[in-house]
1. Can you put 31, 40 in order of Cβ neighbours within 10 angstrom, beginning with the fewest?
2. Most exposed first by the Cβ proxy, i.e. fewest other Cβ within 10 Å, how do 46, 75, 21 rank?
3. Work out, step by step, the length gained on full extension between residue 48 and residue 4: first 0.36 nm times the residue separation, then minus their alpha carbon distance; give nm to one decimal.
4. Hey, rough spin-label estimate for residue 61 and residue 20, points 7 angstrom out along Cα→Cβ, what's it come to in nanometres?
5. Using a simple spin-label model with points 7 Å from Cα along the Cα→Cβ vector, what separation in nm is obtained for residue 11 and residue 78?
6. Divide by every residue of the chain the summed helix terms, -39500 (n - 2.57) for each DSSP H run of at least 4, and state the resulting mean residue ellipticity at 222 nm, rounded to the nearest 500 deg cm²/dmol.
7. With 10 angstrom as the radius, rank 51, 64 by how many other C-beta atoms surround their C-beta, starting from the fewest.
8. How high is the relative contact order of the chain, in percent, counting Cα pairs under 8 Å that sit 6 or more residues apart?
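Nothing in this text is a laboratory measurement; each read-out follows from the coordinates by a stated rule. Computed from a predicted model, the values in this text were never measured in an experiment. So basically every Cβ, Gly included, is an ideal-geometry build from the backbone, and we count neighbours across all protein chains shown.
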């Protein structure tokens with residue numbers, strides 16, 4: 001019974017450390033992508049899409065920053081639609 005308790009505690013600790021490592025790595029990569037698009041919601045969404053694309057292409061961590069920087073340089077903002085005038089803007 002003692003060995004069983006030790007084994008469960010050890011496996012739980014190993015799983016927790018693996019889970020923590022994976023999530024911290026994910027958070028770091030997400031923060032890296034979002035740091036390249038401050039105060040621009042459209043560009044942030046674009047950078048998150050590019051981060052997902054980099055993950056699909058299995059871009060290495062050492063090359064990820066350069067890959068994201070080149071993706072950020074290629075970003076073309078979509079033109080904003082002009083707002084339709086409201087009744088108050090028309091003087092009514």
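1. Arranged by neighbour count, lowest to highest, 31, 40 become 31, 40.
2. Fewest-to-most ranking of 46, 75, 21: 21, 75, 46.
3. Full extension of this stretch gives 11.5 nm more.
4. Spacing of the two 7 Å Cα→Cβ label points: 1.6 nm.
5. 4.8
6. -23500 deg cm²/dmol
7. Numbers: 51 22, 64 17.
Neighbour counts put them in this order, fewest first: 64, 51.
8. Over the chain, the number comes to 21 percent.
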